[in-house]
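See structure below.
The values are calculated or read from the model by the stated rules, or taken from the named source; none is laboratory data. These figures come from a predicted structure and were not determined experimentally.
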Amino acid sequence: MTEARKLAVHHQAEGGAELTTTAKRFSPSAILCRDTKWRSVKYEEVYLHAYRDGREAQQRLRAYFETYNGRRLHQALNYRTPDEVYFGANLVPAALAA
């Protein structure tokens with residue numbers, strides 16, 4: 001399992017959106033969303049940095065996902081963040097709302 005995948009699994013375990021059924025996991029919209037997200041991660045973070053080790057990669061990717069999910073507005077989500085959509089506008093974790 002790659003470091004990026006481990007971080008994604010960890011993110012989901014900490015409250016990130018998790019698709020719960022096989023039908024949802026493999027639906028065309030879920031696949032498109034997943035592919036778009038990982039393309040963004042690769043081109044906006046991974047390909048731009050030469051990480052010294054796995055620890056640095058994990059730290060940088062964690063920061064990227066916090067920005068991607070908690071601060072970055074997404075056109076496909078009607079200019080809301082994924083955290084706003086998943087947790088609800090008033091239920092975004094306090095650490096991300098600051």
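Quick look at the values:
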| quantity | calculated |
| --- | --- |
| Residue in the stretch 68-81 that is aliphatic (A, V, I, L, M) and modelled with pLDDT of 90 or more present | yes |
| Selection count, the stretch 45-65, where residues are under 17 Å from Thr81 (Cα atoms) and modelled with pLDDT under 90 | 0 |
